[in-house]
Amino acid sequence: MLEPQFSEILKHRIELIQSTLSSKAAEYAKVDRLYNFKRAACILNTTPQKALLGMLMKHIVSVIDLIEGDELPERPLMEEKIGDSINYLILLEAIFREQMGTKTR
């Protein structure tokens, strides 16, 4: 793949990340962007990152299914499944960064 094509994929992905994380924040997290993971952690008696991991696994399984499928996935489905995984990893980074911030202050 040539650089211009790859750059276009990257640009499109970044736009999708920003759009999805913004719209989901309005839907799921009115004040704390990490609320759902913290709440799930309390319910499951675990850490927010482990709660997130459990939710992320659903998306990873979907990506594996795309990879192992007999045919190439349709572009909207592929974008959604890969995007979900990327977004959860960004949220995981936010959990770690928040915890680092509270431990160093």
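Checked against the criterion of being surrounded by 10 or more Cβ atoms within 10 Å (Cβ to Cβ), touching a Leu at 6+ places or on another chain (Cβ under 9 Å), over 23 Å from Gln99 (Cβ atoms) and among the acidic types (Asp, Glu), the range 7-20 contains not a single residue that satisfies it. Please work out which residue is surrounded by the most Cβ atoms within 10 Å (Cβ to Cβ), limiting yourself to the range 37-75 and to residues that are over 11 Å from Leu92 (Cβ atoms) and small (Gly, Ala, Ser). Taking the candidates together, the pick is Ala41.
What's the total number of residues in the range 21-35 that are within 14 Å of Glu98 (Cβ to Cβ) and either of a type in the set (S, T, N, Q) or within 18 Å of the chain's Cα centre (by Cα) (or both)?
5
Residues in the range 62-105 that are charged (D, E, K, R) and either closer than 24 Å to Asn36 by Cα or in a loop (DSSP other than H, G, I, E, B) (or both): Asp70, Glu71, Glu74, Glu79, Glu80, Lys81, Asp84, Glu93, Arg97, Glu98, Lys103, Arg105.
For the range 21-35, filtered to residues that are part of a helix (DSSP H, G or I) and not small (Gly, Ala, Ser), the residue that is surrounded by the most Cβ atoms within 10 Å (Cβ to Cβ) is Leu21.
A short reminder: the numbers here are calculations on the coordinates, not readings from a lab. The shown structure was predicted, so the numbers you read here are calculated from the model rather than taken from an experiment. Note that each Cβ is placed from the backbone with ideal geometry, even for glycine, and that neighbours are counted across all protein chains shown.
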